[in-house]
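**Student:** This is the structure I want to talk about, given as structure tokens.
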Amino acid sequence: MPPNVPSFNPHFEIIFLESYSRLKPNERKVIDKAVRFLSANPRHSSLNVHKAKNVTGKYAEGGKNVFIAYASKNLRLTFEYGPKPGMISLRNCGHHEPCEREI
């Protein structure tokens with residue numbers, strides 16, 4: 001891990017947990033791996049993290065910004081920084097379209 005990137009503790013929102021429970025076992029493994037990468041280094045190149053447009057987050061910790069990360073070509077996670085310093089709030093996960101529609 002690069003020296004200036006802190007690790008984060010994940011905080012799972014209810015919609016994330018509900019979406020995760022509907023995934024197939026092999027899709028859950030892909031999401032699990034992405035969550036590990038995200039917690040260790042949100043700038044990990046495989047995640048291709050970018051800011052979601054026209055969406056406001058709940059937590060001021062990350063400037064109320066919401067981000068999208070790629071777990072695979074078809075699976076995404078949405079997250080924001082917070083609710084406390086050193087935490088990442090995982091908002092949703094799943095296939096590209098539904099995941100980003102229900103940010």
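**Student:** Using a cut-off of 18 Å between alpha-carbon atoms, which lysines can reach LYS51, once sequence neighbours fewer than 8 places away in the same chain are excluded?
**Tutor:** List returned: LYS64, LYS73.
**Student:** Just want the answer: with Cβ charges of +1 for Lys and Arg and -1 for Asp and Glu, which residue in PRO10, TYR59, PRO83 is farthest toward the dipole's positive end in the chain?
**Tutor:** PRO10
**Student:** For the chain, give me the percentage of DSSP beta bridges that are antiparallel, rounded to the nearest 5 percent.
**Tutor:** 75 percent
**Student:** Moving on. About its Cα centre, what dipole magnitude does region 9-101 give when the only charges are +1 on Lys and Arg Cβ and -1 on Asp and Glu Cβ, stated in debye to the nearest 20?
**Tutor:** Using only the charged Cβ atoms, the result is roughly 160 debye.
**Student:** Please compute the contact order of the chain in relative form: average sequence separation of alpha-carbon pairs under 8 Å and at least six residues apart, divided by the residue count, as a percent. Intermediate values should be presented prior to the final figure.
**Tutor:** Details: 189 pairs, mean separation 30.6, N = 103.
Reported relative contact order: 30 percent.
**Student:** Now for a different question. Given N residues in the chain, what is Rg(Cα) / (2.2 N^0.38 Å)?
**Tutor:** Here the answer is 0.97, to two decimals.
**Student:** Calculate the spin-label point distance for LYS24 paired with ARG43, positioning each point 7 Å from the Cα along the beta-carbon direction, and give it in nanometres.
**Tutor:** Simple spin-label model gives 3.6 nm for this pair.
**Student:** Given the rule -39500 (n - 2.57) for each run of at least 4 DSSP H residues, summed and divided by the residues of the chain, what is its mean residue ellipticity at 222 nm, to the nearest 500 deg cm²/dmol?
**Tutor:** -8500 deg cm²/dmol
Bear in mind that the values in this text are calculations on the coordinates, not laboratory data. Keep in mind it's a predicted model, so treat the numbers as computed, not measured. Positions of Cβ are generated from backbone atoms using ideal geometry, with glycine treated the same way; all protein chains shown enter the neighbour counts.
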